[in-house]
Amino acid sequence: MSYDDAMAQFDPAFGLEVHVELNTATKMFCGCPTEFGAEPNTQTCPTCLGLPGSMPVVNAKAVESAIRIGLALNCEIAPWCRFARKNYFYPDMPKNFQTSQYDEPIAFEGYMDVEVEGETHRIGIERAHMEEDTGKSLHVGGSAGRIHGADYSLVDYNRAGIPLIEIVTKPVLGTGARAPEVARAYVGQLRDLLLGLGVSDVRMEQGSLRCDVNLSLTEQDSASLGTRTETKNVNSLRSVERAARYEVMRQAAVLVGGGSIRQETRHWHEDTGVTTSGREKSDADDYRYFPEPDLVPMAPSREWVEELRSSLPEPPHERRARLQAEWGFSDLEMRDTVGAGALGLVEETVAAGTAPAAARKWWLGELARRANESETDLGSLGVTPADVARVQALVDEGTLNDKLARQVLDGLVAGEGSPDEIVGARGLAIVSDDGALGAAVDHAIAENPEVADKIRDGKVAAAGALIGAVMKEMRGQADAGRVRELILERLR
Amino acid sequence: MNTPDRRTASAIAEALAAGETTSVAVTQAHLDRIAEVDGAVRAFLHVDAEGALRDATASDERRAAGHPWSPLDGVPIAIKDVLATRGLPTTCGSRILEGWVPPYDATVVARLRGAGLPILGKTNMDEFAMGSSTEHSAYGPTHNPWDLDRIPGGSGGGSAAAVSAYEAPLALGTDTGGSIRQPGAVTGTVGVKPTYGGVSRYGLVSLANSLDQAGPVTRTVLDAALLHELIGGHDPLDSTSIDAPVGDLVAAARRGADGDLRGVRIGVVRELGGEGYQAGVLARFEESVELMTKAGAEAVEVSCPHFVHALATYYLILPAEASSNLARFDAMRYGLRVTPDDDPDHRPSAEDVMRATREAGFGDEVKRRIILGTYALSSGYYDAYYGTAQKVRTLVTRDFEAAFEHADVLVSPTAPTTAFRLGEKVDDPLAMYLNDLATIPANLSGVPGISVPSGLADEDGLPAGVQILAPAMADDRVYRVGAALESLLARGWGGALLDRAPELTGASS
């Protein structure tokens, strides 16, 4: 069933559960480091390994980050809350319970306004709560790293105990056919907000921001929500939109075919773009929650909360409005800039002295194209706002033309050094020295006597052909204005 | 057979300070005693002779250099096997932890090492501290030194028996519902459960986190105070530990030893006595109250009406917390691993291994409480069981608060009976649970308590104990009143109660 056909009959409702790994120096309940990519099981201690007798101590920095996230999402901050134990057996969980918040989240009842194609959607935030991450299982042998058929499994507990914030939206209704785009925009904007707060690296490819997409369909004009599925580990912005879209079509086909949707978790397959059935999930899942008796309740003082509120960075939508006014961008230009994830990059480039239009031109043009080609994002290209500002300054002062500037960008992406080093090493500067240019001009006149005659006869427009010949000989590095002057001097 | 070293820890400390003996000599004497009698008593699961003598040698060197680390530097100690000891096996009396050697020390153990006490070894206990007789140890029961056919109490029967049999001058225990005090009562020794949060739980393998508390097991009240001051005080690794000084407990014990109780109000708890209590135990208790009254104390009767629900409340909260705490024993990271191999065509999954290991590694009492706790926490039952239990717990605390308005300390028999025979109640869990009737309320509300020997019951000639409870953070009161009662009783007996225990006649098993 096509997406449009599905939308003709059904209305999608979605909800997102986003897990964010905080970038605190130490874990949620112990002093182990949190650095990504260390040798397996080297960042562990009795507490995060759940050894008998070990006890948790809450990381105050993680609580601070949680409160700041809650405030940035316009949430209430609980005056008093606790951790609970979520009990279930799994080898990557050292205690066979996860220390998490249950019915007393630190932040609740907030919202975030998300803009899609000029329309604002208010996404309700149900809660943001603290918990600890689990270890990571690695299944060896068998097929494609899955547990079924594996010869054996290894567990890396470096990740066990990393502080997580889980941000849960309320069901989002009424976005119609745009539901997948709104879902994507929410996650993208949430990522920007977290980045702005400085509380997480928010690198989806490293798992520091992980997303579950809940989606259900309702018959047009029906009052009650349909049965939802929960698609796990949708770990890129593009995938959020694709997975939501896929589930809309899949569920519609099932419902139209007379079937019913099972409440279940589903797995997202990035390569094939489909979801497949996982474990059946029902409300009867019994985690036997109870308050963690090894921790005392948290009671963040109102003074502290207000202090954190007053030090929050500018909210993303206010910042966008301010920057658009400062830069004089059209709505479309602004949207493209935000959509490309280039807002901060452009801002920093402008701060380094570049005109806003020029900064936008580089990031959304040449650099966006290079990012697409290498399937990465702008921030990971290896080109900094300072680099781009320097390239534009070289253009402004006449050292580079656009063509040469593009070659400098190639050098930057290839890691050849700073713009000035690349100009030097590649010999890219425009030649405006009369000695070298004069020789090339004389050569061009000698090679094209009939063109020279036309110019002598007053047809100045013919100079273009000679300029072209000079440029060709100088491999594009001639100062075109000076070449023209030299030609006219010699032929009058 | 050599004569055991019957000196108290404080007497040994004085002798060490005076240069009359060495830690090596004292430690060796206790190791010799263990070698002679522990085959019959079976108080120890693991003896570390080499480590204890190495620590004793270092202690003697420090003392020779004039820099002892603490008043008890060089006095050896035994440690209940529920406390993590770096480099020494820690089994909690369970098969599932057989062979596990912790890579870290419990905070109380680290403090003992930092105070210079040689560690003799690890003492026997009911599996994961579930029991009142030590019969639920996977490694066999400990025997009461007063009568080897009887239980030494539990769960910390090993620590109490070791101190009672002069195998150690000091021991550490843990008390979740009476596991320090009840063994103290039935072995004629002193046991203290400190205020909840007064002693760090870091490294204490949790039975029920909101009830557990480590404390001293000794032969005198003064020794308990000396040990308590060493292990007590705030620990940043335990979020539930109280950030306040431990208090001047030794001074309180010394003050109490003069036997003067003028101005002290003693509350006799009406609900902790009468039916279900052995006549000889009650008789010794009444004598103790009378002695204290004669020494100037004012005795009042107080009522704590919700104490009758304490046992039921305890048996919901404890299994609930325990069921979650014990989930980590799954063969994935440490301890026992049992791989089921009955089906050659089916390679066992992680879940199969977990199931087989837990089936083989846990004893019946542990399984019983895991099932109870899992049930009590289940969705749909939580409010009725765990939720209600927490409410009753609050009521018990209010009873204490009301009682302490009329009395400085509360008193009762520690345990309803003297030591029963091995095997007598092991198949009757409810009868076993009743042993903790008088001790459980203190754990539910976190108040401190001590058990002091009150004499021998007429029926069987076995020791009984008096329990003295004080408000939270008023641990000094249990030491003052405990030391006073101890001294008043000793005047009547003409010596310590333990002097009347029969001679142990060497290894029998």
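Details
- Between B:Val41, B:Val26, the distinction of being touching a residue at least 40 places away in the same chain (Cβ under 8 Å), hydrophobic (A, V, I, L, M, F, W, C) and closer than 30 Å to A:Gly53 by Cα belongs to B:Val41 only.
- Within the range B:35-58, being closer than 21 Å to B:Glu503 by Cβ and either at pLDDT below 95 or outside any loop (DSSP other than H, G, I, E, B) (or both) holds for B:Ala35, B:Glu36, B:Val37, B:Asp38, B:Gly39, B:Ala40, B:Val41, B:Phe44.
- Looking across the range B:314-337 at every residue that is within 11 Å of another protein chain (Cβ to nearest Cβ) and of a type in the set (Lys, Arg), the one that is surrounded by the fewest Cβ atoms within 10 Å (Cβ to Cβ) is identified as B:Arg333.
- Exactly one residue out of B:Leu222, B:Leu207, B:Leu227 is touching a Ser or Thr at 6+ places or on another chain (Cβ under 6 Å), assigned to a helix (DSSP H, G or I), buried (at least 24 other Cβ atoms within 10 Å of the Cβ) and not small (Gly, Ala, Ser): that is B:Leu222.
- Qualifying residue in the range A:33-48 (condition: within 30 Å of B:Arg86 (Cβ to Cβ), free of Cβ contacts under 8 Å to residues at least 40 places away in the same chain and buried (at least 16 other Cβ atoms within 10 Å of the Cβ)): yes
- Residue among B:Ala389, B:Ala407 that is within 14 Å of chain A (Cβ to nearest Cβ) and modelled with pLDDT of 95 or more: B:Ala389
- Residue list for the range B:249-259, restricted to those being part of a loop (DSSP other than H, G, I, E, B) and closer than 16 Å to B:Ser10 by Cα: B:Ala257
- Taking the criterion of being assigned to a helix (DSSP H, G or I) and closer than 14 Å to A:Ser239 by Cβ, the residues of the range A:187-214 that qualify are A:Val187, A:Gly188, A:Arg191, A:Met204, A:Glu205.
- Between B:Leu311, B:Leu372, the distinction of being away from chain A (no Cβ under 14 Å), surrounded by 15 or more Cβ atoms within 10 Å (Cβ to Cβ) and out of contact with any strand residue (DSSP E or B) (no Cβ under 8 Å at 6 or more places or on another chain) belongs to B:Leu311 only.
- The single residue among A:Ala107, A:Ala66 that is buried (at least 21 other Cβ atoms within 10 Å of the Cβ), touching a Gly at 6+ places or on another chain (Cβ under 8 Å) and within 20 Å of A:Thr169 (Cα to Cα) turns out to be A:Ala107.
- Selected residue (only one of B:Ala162, B:Ala138 is under 18 Å from the mean Cα position of the chain (by Cα) and either buried (at least 24 other Cβ atoms within 10 Å of the Cβ) or assigned to a loop (DSSP other than H, G, I, E, B) (or both)): B:Ala162
- Residue satisfying all of: in the range B:1-34; in contact with a strand residue (DSSP E or B) (Cβ under 8 Å, 6 or more places away or on another chain) and not in a loop (DSSP other than H, G, I, E, B); farthest from B:Leu117 (Cα to Cα) among these: B:Ile34
- Flag for B:Gly247 being out of contact with any strand residue (DSSP E or B) (no Cβ under 9 Å at 6 or more places or on another chain) and either at positive phi or modelled with pLDDT under 95 (or both): no
- Residues in the range B:322-339 that are without any contact (Cβ under 8 Å) to a residue 60 or more places away in the chain and closer than 20 Å to B:Tyr202 by Cβ: B:Ser324, B:Ala327, B:Arg328, B:Arg333.
- Strands (runs of 3 or more DSSP E) within the range A:43-127 that include 3 or more residues over 24 Å from the mean Cα position of the chain (by Cα) and within 14 Å of chain B (Cβ to nearest Cβ): A:84-87, A:97-100
- Taken together, B:Pro245, B:Pro236 contain a single residue that is assigned to a loop (DSSP other than H, G, I, E, B) and either within 14 Å of chain A (Cβ to nearest Cβ) or touching a Leu at 6+ places or on another chain (Cβ under 8 Å) (or both), which is B:Pro236.
- In the range A:206-227, the residue that is farthest from A:Arg279 (Cα to Cα) out of those that are of a type in the set (D, E, K, R) and in contact with a helix residue (DSSP H, G or I) (Cβ under 9 Å, 6 or more places away or on another chain) is A:Glu219.
- All conditions in (1) under 30 Å from A:Val57 (Cβ atoms); (2) under 29 Å from the mean Cα position of the chain (by Cα) hold for A:Arg288, with the sole exception of (2).
- When residues in the range A:203-234 are screened for being surrounded by fewer than 21 Cβ atoms within 10 Å (Cβ to Cβ), of a type in the set (Val, Ile, Thr) and in contact (Cβ under 8 Å) with a residue 60 or more places away in the chain, 1 of them pass.
- The criterion of at least 3 residues that are in contact with a helix residue (DSSP H, G or I) (Cβ under 8 Å, 6 or more places away or on another chain) and under 29 Å from A:Ser65 (Cβ atoms) is met by the following helices (runs of 4 or more DSSP H) wholly inside the range A:308-366: A:316-327, A:343-351.
- Checking each residue in the range B:95-135 for being within 14 Å of chain A (Cβ to nearest Cβ), over 22 Å from B:His30 (Cα atoms) and outside any helix (DSSP H, G or I) picks out B:Glu98, B:Gly99, B:Trp100, B:Val101, B:Pro102, B:Pro103, B:Tyr104, B:Asp105, B:Ala106.
- Which numbered condition B:Pro216 misses (of (1) touching a residue at least 60 places away in the same chain (Cβ under 8 Å); (2) of a type outside the set (S, T, N, Q); (3) part of a strand (DSSP E or B)): (1)
- Test: residue in the range B:196-210 that is out of contact with any strand residue (DSSP E or B) (no Cβ under 6 Å at 6 or more places or on another chain) and under 24 Å from B:Asp499 (Cα atoms): no
- Scanning the range A:290-302 for residues that are surrounded by 14 or more Cβ atoms within 10 Å (Cβ to Cβ) and more than 14 Å from chain B (Cβ to nearest Cβ) turns up at least one hit.
- Qualifying residue in the range A:410-420 (condition: surrounded by fewer than 18 Cβ atoms within 10 Å (Cβ to Cβ), hydrophobic (A, V, I, L, M, F, W, C) and under 26 Å from A:Arg320 (Cα atoms)): no
The values are calculated or read from the model by the stated rules, or taken from the named source; none is laboratory data. This structure is a prediction, so every number in the text was calculated from the model and none was measured. All Cβ positions, glycine included, derive from the backbone under ideal geometry; neighbour counts span all protein chains shown.
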